[in-house]
1. Could you tell me whether A:His5 is closer than 25 Å to B:Arg57 by Cβ and at pLDDT 95 or above?
2. Being part of a strand (DSSP E or B) and away from every other protein chain (no Cβ under 13 Å) is the filter; apply it to the range B:30-71 and report the residue that is surrounded by the most Cβ atoms within 10 Å (Cβ to Cβ).
3. For the range B:15-48, give me each residue that is without any contact (Cβ under 8 Å) to a residue 60 or more places away in the chain and in contact with a Ser or Thr (Cβ under 6 Å, 6 or more places away or on another chain).
4. What strands (runs of 3 or more DSSP E) completely inside the range A:2-89 contain at least 3 residues that are facing chain B (nearest Cβ under 8 Å)?
5. Just one of the numbered conditions (1) small (Gly, Ala, Ser); (2) at pLDDT 95 or above; (3) touching a strand residue (DSSP E or B) at 6+ places or on another chain (Cβ under 8 Å) is not true of B:Ala194; which one?
6. Identify the residue in the range B:152-192 that is of a type in the set (Asp, Glu) and under 22 Å from B:His23 (Cα atoms) and, among all such residues, is surrounded by the most Cβ atoms within 10 Å (Cβ to Cβ).
7. Can you tell me which residues in the range B:108-130 are in contact (Cβ under 8 Å) with a residue 60 or more places away in the chain, in contact with a His (Cβ under 9 Å, 6 or more places away or on another chain) and either assigned to a helix (DSSP H, G or I) or surrounded by 24 or more Cβ atoms within 10 Å (Cβ to Cβ) (or both)?
8. Residues B:Gly214, B:Gly246: which one is outside the structural domain of B:Met131 (by TED's automatic domain parsing) and either crowded, with 18+ Cβ neighbours inside 10 Å or at pLDDT 95 or above (or both)?
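The values are calculated or read from the model by the stated rules, or taken from the named source; none is laboratory data. From a predicted model like this one, the values you see are computed outputs, not experimental measurements. Because the Cβ atoms are built from the backbone with ideal geometry, glycine has one as well, and the counts that use them run over all protein chains shown.
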Amino acid sequence: MTDLHTDGNGVAGLLEEILAVEVTTMVRKCQSCGDRQPIAAHRAYRGAGVVLRCPSCGDVAVRIGVHAEAVTVEWRGTYAIAQTGSGSP
Amino acid sequence: MTRRAPVVWRTATVRGVVAESHHARTLVLDVPEWPGHRAGQHVDLRLTAEDGYQAQRSYSIASAPELDALEITVELIDDGEVSPYLVEEVRPGDQFEVRGPIGGHFTWSVPDGGPLLLIGGGSGLVPLMSMLRHRAARRSEVETRLLVSARGAEDALHSDELASLEPSAGLHVAWTFTRTPPPGWTGWARRVDAAMLAELGPGPDAGARSFVCGPTPFVERVAELLVEAGHDPRAIHAERFGPTGG
């Protein structure tokens, strides 16, 4: 292992601060490979912000930017997202 | 989807500290208006220096939801920014901020049922302790197998408490020591492997809910072994913590 990733559990507080919703159980459908995985299972890479990547194909799923006055969330590469139990995306 | 009030920062006051090993301790916290948690959830913790500089980390909740205090068990990370303060300096009465509870994927409550397969590497045991304490508080007899991988006996967290919990019906606790087993140890003394998981059980046909927590390489290896053994990937819940500067 050379990359130092964690997973989507660790950014749940940050996302919940913005979205006011529990995100780890949300299932995301990847725009690249079509796989459906909970946000918790996504790989998280931290730098100036956080990038979540699909655990199946590695493509970028979500970019989170942490700035002095704001937090930005860009759902790049996400085809659909749904809460578990509320139907498949 | 369930919208709820945004998680807010609350002031936590240290009620007590408990030494768990030479490099880990449990902080017992009072958090006014704490909304309660589910076993397996975590909190974000924020320290603010006098000059306004802030540092933030995530810590798994160690205590059962039934306890009237919030407990986190923190392991010292050398050269860390936050853990040296929490492990070596914090005293009763000190205050810092926490927000939570956070997370829903890596959680278990008695009504969720079992069998349960809990596998922790190092301080990855902490959220699993919350599950086991919750199970004990509810006098649950859900079939539960816990495997803890520790480097040596001096790194083994909560071993006395686990020994006291084990006579509970349906609970089996197993250890493996990867570097320096205790003197006279006749149990497992190697990294988790397929043969160990097969011996531990339950087998893939039992429909177990698995919870795996630890450093990223540990979690990825164990999850892969479980999938290769035939466990349903959707029933494997993983939580990775990396060298994040602790």
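1. When the stated conditions are applied, A:His5 does not pass them.
2. The extreme case among them is B:Leu70.
3. Correct list: B:Val18, B:Thr26, B:Asp30, B:Asp44.
4. Counting at least 3 such residues, we get no strands (runs of 3 or more DSSP E) at all.
5. Status for B:Ala194: all satisfied but (3).
6. My answer is B:Asp155.
7. Answer for the range B:108-130, where residues must be in contact (Cβ under 8 Å) with a residue 60 or more places away in the chain, in contact with a His (Cβ under 9 Å, 6 or more places away or on another chain) and either assigned to a helix (DSSP H, G or I) or surrounded by 24 or more Cβ atoms within 10 Å (Cβ to Cβ) (or both): B:Trp108, B:Leu117, B:Leu125, B:Val126, B:Pro127, B:Met129, B:Ser130.
8. B:Gly246
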